[in-house]
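Structure record follows, encoded as structure tokens.
The values are calculated or read from the model by the stated rules, or taken from the named source; none is laboratory data. Nothing here was measured: the structure is a model prediction, and the numbers come from that model. Cβ atoms come from the backbone with ideal geometry, glycine included; neighbour counts cover every protein chain shown.
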Amino acid sequence: MPDYRCFCQIEWIQGDSILLSPEESNHLVAANRARKGDPVRVFDGAGHEWDARLVDANKRKARLQIEHAHQFAPPEHTLALAQAVPKGKLMESIIRKATEIGTQQLYPILTSHTESRIEGKRQETKNQKWEAATLEGAKQSGNPFLMRIEPLQDFSSFLENAAQFELKLIASLAPGAASLKTHWQRSLEKNGGQKPRSVIWLVGPEGDFTPDETQLALSCGFLPTTLGPHVMRCETAAQYALSITQYELTTS
């Protein structure tokens, strides 16, 4: 894979050339120091990629020559994360790591213990930062698909949207919480050995969910799932949960 990786939209392609946006041009030429003649892998976040070569190293309007095109089939299984929005920049870190792991959907949710209040213009700014984070994660990892970030929503609204998922898991510190391995085996037995077509993890904020929120999630089909004997920060819990689930989804 080439050292340089850029994002483009389909409308930026003109024949066998790609004209990058000012932001992508600056990142490629000024930040990454790409020079004329360097090979570049370009992707659109929807499974299309192009092997290209930099022919005009302009920091505002870099132009690439397409050499080969690739198309990737979407993953057979859907992996999603519902994350209570943490304070500070932790959400951006969670999004980058989730994209690298191969998560396809993110539901940012507001809960009783959510410390971050996002309203008006601040929400628009957050959305832009979150979109930038999934783009960074895709560039870093070589993932040809950008994670879809759903609109910010409250806890009850999210639970209504989660009905579509086949296996629903909530990270839990409760004594009776079962392991992913246990839930996975039960799912396989229930479905004749077939892996679940869609899996979603629900991860709480600092201070976890309230008892009422937990009970509401359980009543909507979420299974209390332990992540081990230690109490993890929310970003660690999300990364761990997604990683072990992706392993189960992608291995025979």
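Of the residues screened, residue 199 is one that is of a type outside the set (S, T, N, Q), buried (at least 18 other Cβ atoms within 10 Å of the Cβ), in contact with a Ser or Thr (Cβ under 8 Å, 6 or more places away or on another chain) and within 25 Å of residue 92 (Cβ to Cβ). Scanning segment 167-185 for residues being under 24 Å from residue 213 (Cβ atoms) and either of a type in the set (Val, Ile, Thr) or in a helix (DSSP H, G or I) (or both) gives a total of 4. When every residue of segment 28-49 is checked against the conditions, at least one turns out to be buried (at least 20 other Cβ atoms within 10 Å of the Cβ), assigned to a helix (DSSP H, G or I) and not charged (D, E, K, R). Residues in segment 10-23 that are of a type in the set (S, T, N, Q) and exposed (fewer than 13 other Cβ atoms within 10 Å of the Cβ): 14 alone. Taken together, the residues in segment 213-226 that are out of contact with any Lys or Arg (no Cβ under 9 Å at 6 or more places or on another chain), in contact (Cβ under 8 Å) with a residue 24 or more places away in the chain and surrounded by fewer than 16 Cβ atoms within 10 Å (Cβ to Cβ) amount to 2.
Looking only at segment 24-38, decide whether some residue is polar (S, T, N, Q), without any contact (Cβ under 8 Å) to a residue 60 or more places away in the chain and over 20 Å from residue 140 (Cα atoms). Scanning segment 24-38 turns up no residue that is polar (S, T, N, Q), without any contact (Cβ under 8 Å) to a residue 60 or more places away in the chain and over 20 Å from residue 140 (Cα atoms). The residues on offer are 177, 163, and the sole one that is hydrophobic (A, V, I, L, M, F, W, C), surrounded by fewer than 20 Cβ atoms within 10 Å (Cβ to Cβ) and either over 24 Å from residue 219 (Cβ atoms) or out of contact with any strand residue (DSSP E or B) (no Cβ under 9 Å at 6 or more places or on another chain) (or both) is 163. Note on segment 217-251: residues that are more than 22 Å from the chain's Cα centre (by Cα) and modelled with pLDDT under 95 total 4. In summary, residue 189 fulfils each of the numbered conditions (1) touching a residue at least 12 places away in the same chain (Cβ under 8 Å); (2) closer than 19 Å to residue 249 by Cβ; (3) surrounded by fewer than 16 Cβ atoms within 10 Å (Cβ to Cβ); (4) of a type in the set (Asp, Glu) with the single exception of condition (1). Each residue in segment 54-96 was checked for being buried (at least 21 other Cβ atoms within 10 Å of the Cβ) and in a strand (DSSP E or B), and 8 pass.
Filtering segment 97-146 to residues that are among the polar types (S, T, N, Q), part of a loop (DSSP other than H, G, I, E, B) and modelled with pLDDT of 95 or more leaves 103, 104, 143. Note on segment 4-45: residues that are of a type outside the set (Lys, Arg) and in contact with a Pro (Cβ under 8 Å, 6 or more places away or on another chain) total 6.
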